[in-house]
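Written out below as structure tokens is the structure these notes cover.
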């Protein structure tokens with residue numbers, strides 16, 4: 001089974017968001033299962049070429065309305081899996097990984113089609129082409145148009161995985177048409193969506209995926225479907241939700257060098273020492289109590305930062321400290337600063353991207369707020385549990401799939417609330433604060449979370465099964 005895995009970013013080469021983690025961690029897990037998988041990435045200018053051991057494969061002239069677009073294809077086999085690197089003017093001319101819609105559309109449409117050309121000139125014929133989000137959806141659209149007449153691609157199956165449906169590829173119509181991809185003629189697609197990269201790819205793919213079972217259901221509703229819910233419901237039998245995994249080696253409190261000392265589920269006394277040093281570091285004193293509530297996030301409307309701050313304002317009578325780490329929307333940054341200034345003895349807001357401090361908060365805070373309005377999968381709640389930081393999450397998408405609500409019967413791994421409003425979150429915070437006072441029950445909560453297996457192994461098996469279901473194209477209605 002040969003799989004071409006297309007992505008706009010991937011660790012350890014380049015990372016902007018969660019897609020980078022998935023594209024960096026899922027392919028190696030699939031390799032472990034015996035699949036022949038190759039990654040395709042744009043050779044972004046921000047990447048250090050000297051660390052890649054690039055082997056030139058070919059130069060390809062990609063057809064474009066204005067003539068041809070010269071393309072340089074490289075192969076790097078230093079790491080596993082091997083990577084096709086795509087270079088050319090559309091990639092080199094972009095100053096950011098993501099930024100200007102028109103430049104992004106040109107860059108990623110070029111990259112998507114060039115990655116297919118790379119396989120052909122290299123003689124490596126994929127059985128499955130796995131694309132991710134709107135950036136690589138044009139590859140799926142191109143294949144649907146050409147594979148019936150192209151012997152190289154005739155038996156290739158296609159999968160398009162949605163990591164965030166809200167990003168449809170706005171501004172991408174012109175780039176698609178410039179590279180020979182006209183608007184979709186799928187009657188189930190709204191007319192306004194037929195020329196956008198992601199909807200076009202979703203209409204062209206054999207199978208559609210999302211990064212959690214919960215999100216697969218949610219995108220078929222008016223609340224989360226971004227105007228595509230009727231179309232997606234019509235393709236319900238081809239939508240599969242597979243939960244993202246977590247790199248259990250990267251996120252391991254027993255060996256994390258950002259911490260003062262390693263610990264595991266059976267040495268939580270060491271973790272309490274980590275909390276003491278963190279509270280001193282944050283300027284909150286050295287006491288183990290009150291409970292420390294953490295939030296590590298991009299400051300964005302989706303993430304519910306405003307909900308969190310308002311909810312904490314409703315529980316000021318309780319004893320707690322709070323640390324918020326993140327950057328993003330300037331208005332939300334200002335709200336974070338205002339809240340910290342209003343409660344300087346118990347609230348700290350740190351407006352920067354700081355991976356080391358994030359790890360220390362996961363390892364030192366007692367509770368983690370994840371009140372997202374929607375969350376396709378989410379990693380914060382998984383990392384929190386892995387580090388013994390009990391999550392308080394909204395019942396949406398991957399959050400609902402990964403966090404079982406605590407009950408007085410002594411099970412569950414966190415606290416779940418339903419509506420995306422401050423009152424519901426404040427009620428969940430109060431429940432967590434009550435549970436925290438019972439050290440035996442709280443320790444049980446932490447240990448159950450820390451023992452949960454979020455490794456990529458299970459998810460990789462599910463993807464491998466999906467590839468095999470997708471593969472037999474001949475004589476099937478796919």
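Descriptive notes on the structure:
- Contact order normalised by residue count of the chain, Cα under 8 Å, 6+ apart, percent: 12 percent
- Sorted by Cβ density within 10 Å, fewest first, the residues 404, 390, 370: 404, 370, 390
- The stretch 72-230: Rg to Rh, with Rh as the Kirkwood radius over Cα pairs: 0.96
- In the chain, the C-alpha radius of gyration followed by the widest Cα-Cα span (Dmax) gives 23.3, 71 angstrom.
- Spread of Cα-to-Cα distances over 5 Å intervals beginning at zero, given as percent, for the stretch 1-158: 2, 9, 20, 24, 23, 14, 6, 1, 0
- Between the stretch 193-216 and the stretch 232-287, the C-alpha centres lie 31 angstrom from each other.
- Dividing the Cα radius of gyration of the stretch 203-252 by 2.2 N^0.38 Å, with N the residue count, gives 1.37.
- Helix 18-32 axis, angle to the chain major axis (alpha carbon atoms, nearest 10°): 70 degrees
- By the beta-carbon count within 10 Å of each Cβ, the least crowded to most crowded order of 377, 389, fewest first, is 377, 389.
- Cα-based helix-to-principal-axis angle, 101-122 vs the chain, degrees rounded to 10: 60 degrees
- Calculated [222 nm] ellipticity per residue, helices only, for the chain: -11500 deg cm²/dmol; basis is -39500 (n - 2.57) per DSSP H run with n ≥ 4, divided by all residues, nearest 500.
- The P(r) of the stretch 276-364 has a tail past 16 Å containing 50 percent of all C-alpha pairs.
- 0 to 90° range, to nearest 10: angle between helix 422-436 axis and the chain longest Cα axis: 60 degrees
- Inverting the pair-averaged 1/r between distinct Cα atoms of the stretch 333-472 gives 16.6 Å as its Kirkwood hydrodynamic radius.
- Radius of gyration and maximum dimension Dmax of the stretch 320-363, Cα, Å: 10.6, 29
Where a number appears in this text, it was derived from the coordinates with a stated rule and is not lab data. Keep in mind it's a predicted model, so treat the numbers as computed, not measured. Ideal geometry is used to build each Cβ from the backbone, glycine not excepted, and the neighbour counts take in all protein chains shown.
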